[in-house]
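Data block below; observations after.
Laboratory data are not the source of any read-out in this text; all were calculated from the coordinates shown. A quick note: this is a predicted structure, and the numbers were derived from the prediction, not measured. Glycine gets a Cβ as well: all are built from the backbone with ideal geometry, and neighbour counts include every protein chain shown.
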Amino acid sequence: MQNTEYVSPEFARQLILDELFDLSLYKRFREISGPELHPTLDELIKVENGHLGFWQELFKVEISELNFARRLKLEMIVLVCRLFGAPAIDLILDRPDPGGDRGLRHPEIPDPLETEQGQPDGKSGSRDLER
């Protein structure tokens with residue numbers, strides 16, 4: 001049973017737009033990158049196609065165009081990557097996903113995998129060296 005009725009239409013739309021943005025970004029990177037990046041980008045495109053299809057089917061919402069803000073962001077990123085080449089593309093590809101698990105949990109419901117300190121292993125956020 002799917003509980004999509006508990007998800008606001010705006011949240012579903014934003015989630016789908018995020019996936020469409022990632023897919024569009026990887027496709028544009030493939031257009032401007034050298035052949036050494038093509039296998040990685042082909043795999044990312046395949047994965048993002050799956051994500052986009054999943055969310056569109058789940059929420060019964062089909063979006064095929066980015067909104068103005070996302071188109072502008074996409075063009076700015078592509079421009080920077082055209083100027084600086086493969087190192088800039090690598091840097092963008094290595095970034096953490098800002099969407100990550102944002103919003104996939106209700107903000108007021110604690111994650112059962114996190115402990116009181118906020119880390120899955122029970123340690124504080126700082127990286128203490130173990131001796």
Report summary line: Ordered by number, the GluC sites (Glu not before Pro) in the range 15-104 that occupy a DSSP loop and have at most 11 other Cβ atoms within 10 Å are GLU36, GLU62, GLU65
Query raised in the report: Can you give the convex hull volume of the alpha carbon atoms of the range 1-100 per residue, in Å³?
Result: 100 Å³
Query raised in the report: Of LEU23, LEU72, LEU66, how do they rank once you tally other Cβ atoms within 10 Å and put the fewest first?
Result: LEU72, LEU66, LEU23
Report task. Report the calculated FRET efficiency for PHE11 and ASP42 (r = Cβ-Cβ distance, R0 = 30 Å), to the nearest 0.05. Result -> 0.50
Requested in this report: Can you pull the one-decimal nm distance between simple spin-label points at LEU83 and ILE32, each 7 Å off the Cα toward Cβ?
Outcome: 1.0 nm
